[in-house]
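Undergrad: Structure in structure tokens, see below.
The values are calculated or read from the model by the stated rules, or taken from the named source; none is laboratory data. Everything numeric in this text was worked out from a predicted model, so none of it was measured. Neighbour counts are summed over all protein chains in view; Cβ atoms, including those assigned to glycine, are modelled from backbone coordinates with ideal geometry. In case anyone asks, the SASA skips ligands and DNA or RNA and just uses the protein heavy atoms, side chains included. Shrake-Rupley method; radii C 1.70, N 1.55, O 1.52, S 1.80 Å.
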Amino acid sequence: MTTEGPRILVIDDEAQIRRFLTSSLTAHGYRVQAEETGQAGLRETPVFHPDLILLDLSLPDRDGVEVLRELREWSSTPVIVLSVREREEDKIAALDAGADDYLTKPFSMGELLARLRVALRHSARTESEPVITSGALVIDLSRRQVTRAGREVSLTPTEWQIVRILASHAGRVVTHRQLLREVWGPQFEAETHYLRVFLSGLRRKLEDDPTRPRYFLTEPGVGYRFAEDA
């Protein structure tokens, strides 16, 4: 066990899950603290200073989405939700409340570790690194420029806004509501057909095969995700 790995705070009411995550993550070099209730998790966050939080939604004292909303009032610590809730509505609510990712139980340890790496990598990114690279795509946020295989691609202002938002959250799901609100405004949060039209156009410009995208991925019923290291 290393004492220098990233700190992971687990908030889950199931003792078996807490023991499993503590044992497995510790074996992979993470420092883990586990709490049973939402209130205990909120209390320990400023004490433990986690690099990432694993949060269950079904907690004994309060709903996990409520915990997430309260946490986001004062902390930007990455949060991955681990929940048995499979409904799209639950995923959207958690992501809109500020979750960085959502993983449905039961899950494989390999997938969780991959999600952890993505979330921690994104968290480590700073404003001094405005260039995002994935495969043949290079997105320069400061110059508002996108190149594909070394050739600049012309985007409309709206296309650029969508690319900017998705790339800034690389590896994370951005919900339909978030995208519509940031690009068109809160009065357009229900107009999901706007996104289908514009994502189709972006894929024609930026994907090798628009019918099988590798960069701009659809999370069915939830939103879109820009794939890192595609």
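Undergrad: Fully extended, how many nm does the chain gain between Ser23 and Gln145 (0.36 nm per residue separation, minus their Cα-Cα distance)? Walk me through the numbers before you get to the answer.
TA: Numbers: separation 122, 0.36 × 122 = 43.92 nm, distance 4.45 nm.
Taking 0.36 nm per residue and subtracting the Cα distance, the gain is 39.5 nm.
Undergrad: Give, as a single signed number, the net charge of other residues whose beta carbon lies under 10 Å from the beta carbon of Val163, with Lys and Arg counted +1 and Asp and Glu -1.
TA: Its environment carries a net charge of +2.
Undergrad: Report, in deg cm²/dmol and to the nearest 500, the calculated mean residue ellipticity at 222 nm for the chain, where each DSSP H run with n ≥ 4 adds -39500 (n - 2.57) and the sum is divided by the residue count.
TA: Roughly -12500 deg cm²/dmol at 222 nm, from the helical runs in the chain.
Undergrad: Given the protein chains as shown and a 1.4 Å probe, how many square angstrom of Leu166 are accessible, to the nearest 10?
TA: Estimated to the nearest 10 Å², Leu166 gives 0 Å².
Undergrad: Find how many whole Å separate the alpha carbon centroid of segment 21-93 from the alpha carbon centroid of segment 144-212.
TA: When both Cα centres are located, 29 Å separates them.
Undergrad: Which chymotrypsin sites (Phe, Trp or Tyr not before Pro) does segment 1-87 hold that lie in a coil by DSSP with at most 11 other beta carbons within 10 Å?
TA: Trp74
Undergrad: In nm, to one decimal, how far is the Arg212 label point from the His49 one, both placed 7 Å along Cα→Cβ?
TA: Modelled inter-label distance: 4.7 nm.
Undergrad: Glu152 to Glu88: extension gain in nm, 0.36 nm per residue of separation minus the Cα-Cα distance?
TA: Fully extending the segment from Glu152 to Glu88 adds 19.4 nm.
Undergrad: Turning to a different aspect of this structure: Just to confirm, what accessible area per residue do you get for segment 1-71 at 1.4 Å probe, in whole Å²?
TA: Value returned for segment 1-71: 47 Å² of accessible area per residue.
Undergrad: Using a 1.4 angstrom probe and counting only protein chains, how large is the accessible area of Glu86 in Å², to 10?
TA: Per-residue accessible area (Glu86): approximately 130 Å².
Undergrad: Given 0.36 nm per residue, what is the gain on full extension from Ser108 to Arg69 after removing their alpha carbon distance, in nm?
TA: Computed gain between Ser108 and Arg69 is 11.3 nm.
Undergrad: For segment 136-184, what is the accessible area per residue in Å² when the probe is 1.4 Å?
TA: On a per-residue basis, segment 136-184 sits at 47 Å².
Undergrad: Counting only trypsin sites (Lys or Arg not before Pro) that are in a DSSP loop and have at most 16 other C-beta atoms within 10 Å, tell me the longest site-free stretch of the chain.
TA: 145-213
Undergrad: Antiparallel DSSP bridges in the chain: what percent, to the nearest 5? Write down the numbers at each step before the final one.
TA: On the way: 18 of 34 bridges.
About 55 percent, rounded to the nearest 5.
Undergrad: Of (1) 17; (2) 27; (3) 21, which one was derived for percent of Cα pairs over 33 Å apart from the structure shown?
TA: Of the labelled values, this structure produces (3).
Undergrad: Using a 1.4 angstrom probe on heavy atoms only, work out the carbon and sulfur share of the accessible area of the chain in %.
TA: Its accessible area is 47 percent carbon and sulfur atoms.
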